[in-house]
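The values are calculated or read from the model by the stated rules, or taken from the named source; none is laboratory data. Fair warning: this is a prediction, and the values are worked out from it, not measured in the lab. Here the Cβ positions follow ideal geometry from the backbone for every residue, glycine too, while neighbour counts run over all protein chains shown. Just the protein is used for accessible areas: all its heavy atoms, side chains included, with ligands, DNA and RNA removed. Shrake-Rupley method; radii C 1.70, N 1.55, O 1.52, S 1.80 Å.
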Amino acid sequence: QVQLVESGGGLVQTGGSLRLSCAASRSIFSINIMGWYRQAPGKQREMVAVHSSDGSTNYAESVKARFTISRDNAKNTVYLQMNSLKPEDTALYYCAGFASDGHYWGQGTQVTVSS
């Protein structure tokens, strides 16, 4: 079992930046995939970025070149650096962990980008 707690969301203007953090209650070294997902009002949850334990990453097309996911196993924390934010990035952002013993989700942190 692992608890994931997101932080770093907020209100930012178009073109601004935010860094989201996801702190895990235990070591994430053995968690195969850590990632960020988001859900906007009236829309389905979608993958934003994922980071595998082998170091590979994958991004949604809409955020490539603007967002960067990173993973600090020593701090049990995953980050999402978001630059050049757009109003369409407004959503509730969730941290997720996919391990051999289960799938885990945080409660989410709200990101709102004003135009």
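On a per residue basis, region 24-97 carries 49 Å² of accessible surface, using protein heavy atoms and a 1.4 Å probe. Taking amide H as placed 1.01 Å from N in the peptide plane, the amide H of GLY108 sits under 5 Å from that of GLU6, CYS95, each at least 5 places away or on another chain. Considering only GLY35, THR14, THR57, and ranking their Cα positions along the charge dipole of the chain that arises from unit charges at the beta-carbon of Lys, Arg, Asp and Glu, the one farthest toward the positive end is THR14. If the label point is 7 Å along Cα→Cβ of GLN39, which residues in region 89-115 have backbone nitrogen under 15 Å from it? Output list for this probe position: 91-97, 104-111. What you get for region 1-63, charging only the Cβ of Lys and Arg (+1) and of Asp and Glu (-1), is a dipole of about 160 debye around the Cα centre.
Between THR68 and SER25, the modelled labels are 3.2 nm apart [label points 7 Å from Cα along Cα→Cβ]. Across LYS64, LYS75, LYS43, mean-square fluctuation computed from a Gaussian network of the chain (C-alpha pairs under 10 Å connected) peaks at LYS43. Report the FRET efficiency, 1/(1 + (r/R0)^6), for GLU61 and GLN107, where r is their Cβ-Cβ distance and R0 is 22 Å, rounded to 0.05. Efficiency for this residue pair is about 0.25.
When the solvent-accessible area of region 19-69 is split by element, carbon and sulfur atoms take up 49 percent of it, the probe being 1.4 Å. Under a model in which nothing but the beta-carbon of Lys, Arg (+1) and Asp, Glu (-1) is charged, the chain shows a dipole of about 140 debye around its Cα centre.
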